[in-house]
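Here's the structure we're looking at; comments come further down.
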Amino acid sequence: MEDKLVTLAIRTFQRAQMIKSVLDENGIETVIHNLNLEQPEMAVGVRVRIKESDLPRALKIVEEMESAWEQEPAIGSNDTPQVLIPVDLTDLVPKATDFGFHFADVLGAEVVFLHVYFSPAFTISSNNELSTYSISDSELLRRIISSANAEIEILTKQIHGRIAKGELPNIPFRFEMKEGVPEEQIQEYCKKNNPVLVVMGTHGKKQTNELIGSVTAEVMETCTTPVFAVPVLMSMQTPDDIKRIAFLTNFDQKDLIAIDRAISIFGSENIELYFIHASDKNQAWSEVILGGIKSYFASHYPKLLTNFALLNANDSPELLNTYMADHQINVLAFNTRRRNLFARLFNPSLAYKMVLHSDTPLFVTHV
């Protein structure tokens, strides 16, 4: 039986070529395909494809490469704290702006909008050869950038107008544009500039399940910056509506640090915090530990109302959604561990599942 090709990763053309070169050197036949087969000149990224039998070895090689890229020294950071709001100018999530400005005001930060556009500079023929940059490609790229700049100008005027009306806090903001794959550029920006928070929009339950998945979920899994995901269809209208926050805990000491980080952003006054431990094992000892966590925060945050619950399931979006609806939870927060490429491909995390199956805002940290 013929060994079928499988998608190993989706990356920018330049990054995909680097991966292909290393895999070829290790005797792994690699093919690069455009992500957009109908309009290859407008591809956001390209697929790195290999034989299915080579997948275990290729995953290990790529994981080592990406770890090396992540360990490259960061290029300084701005003195002014930043709240980063990645935006797709063709599919805006207005509430992301509202919540981004609110958190920036609380944290004494400026707002940076990041728009990532694709470049038609590289097109790939069916025999995997890189074509040259044509005049039509150059003109298309000019139009893409020109259109994005026009949209940014409109949005800038709208935001200034909302600030003048008092709808948004009067804090500095600016736009930046980068070429490439959104999740890569967001991670790269966070690495270089160390924003205090990333606020991203998501379509929640209505979102279509793409080949690799939501950009928001990918950023949550791989970015070290805390991420606040704002679903389009969430019931909350303003940040003042945040009254109840549920925090998923696995009884790890790092969870305490993550909860402290959440409280510093959301505040402790007028907030009710629910500690949830989801497991397929119902152990009495879990109740003891949850009680201890509750006592800890009662002494450190006396104004913070706390509750705890044990859910008889593990990583279940449906069960969590039911619990949050019954208790009118406004935000689901949890600490997640950075996982390797193999785990992200074959065992989607809770962050990924909740982004696609929940209309409740998510706050995710990496501690």
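The values are calculated or read from the model by the stated rules, or taken from the named source; none is laboratory data. None of the values given here were measured: they were computed from a predicted structure. Reconstructed Cβ throughout: ideal geometry from the backbone, glycine too, with neighbour counts over all protein chains shown.
Where residues in the stretch 224-254 are in a helix (DSSP H, G or I) and not polar (S, T, N, Q), which of them is surrounded by the most Cβ atoms within 10 Å (Cβ to Cβ)?
Once the filter is applied, the top-ranked residue is Pro239.
Search the stretch 62-93 for residues being at pLDDT 75 or above and not aliphatic (A, V, I, L, M), and hand back the single one that is farthest from Ile28 (Cα to Cα).
Thr80
Looking at the stretch 29-59, which of the residues that are of a type in the set (D, E, K, R) and in contact with a strand residue (DSSP E or B) (Cβ under 8 Å, 6 or more places away or on another chain) is modelled with the lowest pLDDT?
Checked the stretch 29-59; the qualifying residue modelled with the lowest pLDDT is Arg47.
For Ala298, state whether it is under 30 Å from Leu55 (Cα atoms), in a helix (DSSP H, G or I) and either modelled with pLDDT under 75 or in contact with a strand residue (DSSP E or B) (Cβ under 9 Å, 6 or more places away or on another chain) (or both).
Here the answer is no, as Ala298 does not meet what is asked.
Take the residues of the stretch 262-278 that are over 18 Å from His327 (Cβ atoms) and at pLDDT 75 or above: which is surrounded by the fewest Cβ atoms within 10 Å (Cβ to Cβ)?
Checking each candidate, the answer is Ser264.
Does Lys281 satisfy the criteria of being surrounded by fewer than 19 Cβ atoms within 10 Å (Cβ to Cβ), modelled with pLDDT under 75 and in a helix (DSSP H, G or I)?
It is false that Lys281 is surrounded by fewer than 19 Cβ atoms within 10 Å (Cβ to Cβ), modelled with pLDDT under 75 and in a helix (DSSP H, G or I).
Take the stretch 160-195 and flag every residue that is under 18 Å from Thr90 (Cβ atoms) and touching a residue at least 60 places away in the same chain (Cβ under 8 Å).
Phe175, Glu176, Met177, Lys178, Glu179, Gly180, Val181, Pro182, Gln185, Ile186, listed by residue number.
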